[in-house]
Amino acid sequence: MQIEDLRIFITVIRAGSFTAAAEQLLLSKQYVSRRMAALEASLGARLLIRNTRKLSVTEAGQVFGQHAQRILEDIHEAEQAVSERRRALQGTFRISMPMSFGMSHLSPLIAEFLSLHPAVRFQVELGDRQVDLIGEGFDIAIRIGTLADSTLIARRLGRLSRVICASPAYLKRAGEPRTPEDLLAHACLRYGREGQTGWELLQEGKRKMLDVQGPIISNNGEVLRDAAIAGLGLVLLPEFIVGPALARGELLPVLAPFHPAPLSLNALYSQHRQRSEVTRVFLSFLEERLKAGE
């Protein structure tokens, strides 16, 4: 088994095909195919399933891929440790971040970080889906809200306040709610998926869950914000999404004494990434900048 074979295997998994991997590695497709066949022969196990439509990874391939990734990272860190350029932070870093917050807050911070560390290369995926951090080869995922139990390490980067608001036209037509229970009689524009869209408020220091209803459910905050501006109902969203509309008077806050609990902003990464200098420096940078902006 050769180290080159590990690099080719990881690239094939991420690229999704021999052809795409060969293009990224500047190798021929035939060479990539031969090296993967040799790797499987040396291991005595099928790692990849090939057909005319797509390439998939076997269970053995997924396990081997996780270990191969760690080996490559250890080799890279060993090379950095003896390199004359060790003081210059370097490496390729793959990150997943939520769409709205990523574009409004994290995008300019990434640009600033790269200007400070020009030898670092970022691969950024914006989206609200919960990625498989290890299986998909991400170094870090930035996530908002309650985290599911896992073996991943979570580092809190900050908290995001939320607000309930509506357009002046809607409040004139439907009236302003005075208590959390009043929300049950209002049109509420809900974030999430069916069955996971209740609103949790703080009432006299206690959390209160309300099964609100309304005309729209969406997993995108901008969609709900625009619907609220159009007068379709009340919305509960982070201030970074509705802040500009509140400043312009397009939306008005309601139920101020019953503020929703803030959302946690966390960075998730696997245990073997703790030793990564890029991970350490980048998370410290994000934490400093985000707290400064609170």
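Could you list, in sequence order, the residues of segment 183-212 that are of a type in the set (Asp, Glu) and either under 24 Å from residue 243 (Cβ atoms) or free of Cβ contacts under 8 Å to residues at least 24 places away in the same chain (or both)?
Correct list: 194, 200, 204.
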From the list 156, 121, which residue is open to solvent by 60 Å² or more (accessible area, probe 1.4 Å), closer than 13 Å to residue 267 by Cβ and assigned to a strand (DSSP E or B)?
156
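Out of 218, 264, which single residue is under 19 Å from the mean Cα position of the chain (by Cα), modelled with pLDDT of 90 or more and not aliphatic (A, V, I, L, M)?
After applying the criteria, what remains is 218.
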Every residue from segment 243-260 that is open to solvent by less than 70 Å² (accessible area, probe 1.4 Å), of a type in the set (A, V, I, L, M, F, W, C) and out of contact with any Pro (no Cβ under 9 Å at 6 or more places or on another chain)
245, 256
Subset of segment 89-118 (residues that are modelled with pLDDT under 90, open to solvent by 50 Å² or more (accessible area, probe 1.4 Å) and either more than 21 Å from the chain's Cα centre (by Cα) or hydrophobic (A, V, I, L, M, F, W, C) (or both))
99, 103
Contact list please: Cβ distance under 9 Å, first residue in segment 143-167 and among the charged types (D, E, K, R), second residue assigned to a loop (DSSP other than H, G, I, E, B), pairs at least six apart or on different chains.
143/98; 143/130; 159/262; 159/294; 162/259; 162/261; 162/262
Looking only at segment 174-226, which residues are open to solvent by less than 30 Å² (accessible area, probe 1.4 Å) and β-branched (Val, Ile, Thr)?
197, 212
Any residue in segment 87-107 that is closer than 11 Å to residue 126 by Cβ sitting within a Cβ distance under 7 Å of a residue that is charged (D, E, K, R) and surrounded by fewer than 20 Cβ atoms within 10 Å (Cβ to Cβ)? List the pairs, counting only those 6 or more apart or interchain.
96/125; 98/128; 99/128; 100/222
I need the full set of residues from segment 119-137 which are closer than 21 Å to residue 62 by Cβ and at pLDDT 90 or above, in order please.
123, 125
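What tally of residues in segment 233-244 results from selecting those that are touching a residue at least 40 places away in the same chain (Cβ under 8 Å) and farther than 19 Å from residue 211 by Cβ?
Residues that pass the stated criteria total 5.
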Is there any pair linking a residue in segment 113-136 that is touching a residue at least 40 places away in the same chain (Cβ under 8 Å) to one that is surrounded by 13 or more Cβ atoms within 10 Å (Cβ to Cβ) and among the small types (Gly, Ala, Ser), with Cβ under 6 Å and at least six apart or on different chains, and which?
133/141; 134/270
Would you tally the residues in segment 271-286 being buried (at least 19 other Cβ atoms within 10 Å of the Cβ) and under 16 Å from the mean Cα position of the chain (by Cα)?
3
Residue by residue through segment 246-294, note down the ones that are among the aliphatic types (A, V, I, L, M), in a helix (DSSP H, G or I) and touching a residue at least 40 places away in the same chain (Cβ under 8 Å).
246, 278, 281, 283, 286, 290
Pick from 143, 159, 193, 178: which is basic (Lys, Arg), modelled with pLDDT under 85 and either over 19 Å from residue 252 (Cβ atoms) or not assigned by the TED database to the domain that holds residue 110 (or both)?
193
Would you please list the contacts, defined by Cβ atoms under 7 Å and residues six or more apart or on different chains, that run from a residue in segment 55-72 that is of a type in the set (D, E, K, R) to a residue that is open to solvent by 30 Å² or more (accessible area, probe 1.4 Å)?
70/272
Checked segment 26-56 for anything assigned to a strand (DSSP E or B) and closer than 14 Å to residue 5 by Cβ; matches are 48
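The values are calculated or read from the model by the stated rules, or taken from the named source; none is laboratory data. Only a predicted model underlies this, so the values are computations on that prediction, with no experimental measurement involved. As a convention, Cβ positions derive from the backbone with ideal geometry for all residues, glycine included, and neighbour counts pool all protein chains shown. When the accessible area is computed, the model is the full protein with side chains, heavy atoms only, and any ligands, DNA or RNA have been set aside. Shrake-Rupley method; radii C 1.70, N 1.55, O 1.52, S 1.80 Å.
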